[in-house]
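Accompanying notes for the structure given below.
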Amino acid sequence: MKKDFLTLRDLTGDEILALIERAIEIKKGGRKLERRFEGKVLGLMFVKASTRTRVSFQTAMFRLGGSTIFMTGTDTQISRNEPVKDTARVLSRYLDILAVRTYRQEELEEMANWASIPVINALTDKYHPCQILSDLMTVKEKIGRLDNFKAAWIGDGNNVANSWINAASMLGFELVLACPDGYRPDEGVLDAAGPNVKVVREPVEAAEGADVINTDVWASMGQEKEAEQRKIVFKDYRVTASLVGRAGPGAVVMHCLPAHRGEEIEEDVLEGPHSVVFDQAENKMHLHQALLETLLLGATE
Ligand code: CP
Ligand code: NVA
């Protein structure tokens, strides 16, 4: 039966851990091809920009022996208001699996409801679950464990933050998010979280003793018009060397990228010894390979 991956909660905690183990195994195997899915086609329907998610999914599918078709919002009939339900049914007749990057989570859900093939959330305004899987893989590599660590989130309570909250709820690690008033994570996502997830005002409170300090841009895709206002609101929500100094020994600094140096993160921190941002970016490819394998196998069972 087909299984979609629209939010982290579409997996169990054990399934998340298994995907991470598999991705680590794939990484250890080097750049070898595993032609297990020859003839299978991954479609990528991206109505927002992407470097990492797009290229890592395309490379991962190539390594599995399959191929990919990349579509944007402007070169498909979606741009001329063809209904999602028609697009989903048509694409299902051609493709074996579909990754979607769009604005509204509800639109992704509609696509998945009408598609007869697995649909993957490659980022919406609400969630970025693929990002968190590869982030957790990076934590496992760098910190060595996924249950007992403290993660800090500094800045906007955005799509990446929401998915981190889901991860903390499911795996039990401590997550403290420092967000300005009015820019907290989704309240429904917070309500479903356990006491190990806390939102505070002060970045230092979040960073104190943390094993992971994580941040993201002040204005996400689709919020370009708010960018100037957000620069004022978020000016104290920066990952600086002094903030990293409050973290625990061996702490890592994470950022999903793209980063705005001098805004949410200082250049010296991004390029410094605590930063694992390029490992995070690489791990997207290994993790996406593991995810594609799992969903493609599930769809043929
Ligand atoms: N981190 C991430 O999703 O990057 P892209 O927007 O480049 O895909
Ligand atoms: N929060 C960012 C993440 C980009 C990978 C955005 O949605 O633009």
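The values are calculated or read from the model by the stated rules, or taken from the named source; none is laboratory data. This is a predicted model, so every value here is computed, not measured. Glycine also receives a Cβ, built like all others from the backbone with ideal geometry; neighbour counts cover every protein chain displayed. Just so you know, the surface numbers come from the protein's heavy atoms only, side chains and all, with ligands and any DNA or RNA stripped out. Shrake-Rupley method; radii C 1.70, N 1.55, O 1.52, S 1.80 Å.
Worth pointing out:
- Hz values of 3J(HN,Hα) by residue in region 265-281 - Karplus curve (6.51, -1.76, 1.60), Gly and Pro given as x: 8, 6, 3, 5, 6, 4, 9, x, x, 7, 6, 10, 5, 7, 5, 4, 4
- Distance (nanometres) between label positions extended 7 Å along Cα→Cβ at K3 and V204: 4.6 nm
- Taking label positions 7 Å along the Cα-Cβ direction at both R93 and R261, the computed distance is 5.0 nm, reported to one decimal.
- Hydrodynamic radius by Kirkwood, which averages 1/r over all alpha carbon pairs of region 121-161, in angstrom: 11.3 Å
- For peptides 180-189, 113-122, sequence by mean Cβ density within 10 Å, most packed first: 113-122, 180-189
- Amide H partners (placed H, <5 Å) of I97, local residues excluded: V41, G43
- Whole-Hz Karplus values for region 22-31 come out as 5, 5, 5, 5, 4, 4, 5, x, x, 8 Hz, taken residue by residue from phi with 6.51 cos²θ - 1.76 cosθ + 1.60 and θ = phi - 60°; glycine and proline positions read x.
- Candidates V204, L133, L91 compared by Cα position along the dipole of the chain: farthest toward the positive end lies L91, with charges placed on Cβ.
- FRET efficiency estimate (nearest 0.05) - Cβ-Cβ, F62 to E82, R0 30 angstrom: 0.55
- Overall, the ratio between the Cα radius of gyration of the chain and 2.2 N^0.38 Å, rounded to two decimals, is 0.97.
- Convex hull volume of region 169-301 per residue (C-alpha atoms, cubic angstrom): 149 Å³
- Surface composition of the chain: carbon and sulfur atoms hold 49% of the protein heavy-atom accessible area at a 1.4 Å probe.
- Under a 5 Å amide H cut-off, with hydrogens placed 1.01 Å from N, F5 pairs with V119, I120, N121 among residues at least 5 apart or on other chains.
- Region 140-241: Cα Rg divided by the 2.2 N^0.38 Å rule of thumb: 1.05
- Accessible surface, region 215-288, averaged per residue in Å² (probe 1.4 Å): 47 Å²
- Label point at R36 placed 7 Å out along Cα→Cβ; residues across region 267-301 whose backbone nitrogen lies under 15 Å: 286-301
- Taking amide H atoms as placed 1.01 Å from N in the peptide plane, the amide H of V199 lies under 5 Å from those of L177, each 5 or more residues away in sequence or on another chain.
- Normalised contact order of the chain, rounded percent, pairs of Cα under 8 Å and 6 or more residues apart: 21 percent
- Note, ³J(HN,Hα) from phi for region 222-237, Karplus 6.51, -1.76, 1.60, rounded to Hz, x at Gly and Pro: x, 10, 4, 5, 8, 4, 5, 4, 5, 4, 6, 4, 9, 4, 9, 10
- The R184 and S242 beta-carbon pair, evaluated with R₀ = 35 Å, returns a calculated FRET efficiency of approximately 0.90.
- Inter-label distance, nm, simple model (7 Å from Cα along the C-beta direction), A49/T12: 4.1 nm
- Using the average count of surrounding beta-carbon atoms within 10 Å as a protection proxy, the listed peptides 39-46, 193-200 rank, highest first, as 39-46, 193-200.
- For region 1-153, radius of gyration divided by Kirkwood radius, i.e. Rg to Rh on alpha-carbons: 0.98
- One chain, two ends: F70 and V233. Fully extended at 0.36 nm per residue, the span grows by 55.0 nm beyond their Cα-Cα distance.
- Alpha-carbon Rg/Rh ratio, for region 68-149, with Rh computed the Kirkwood way: 1.10
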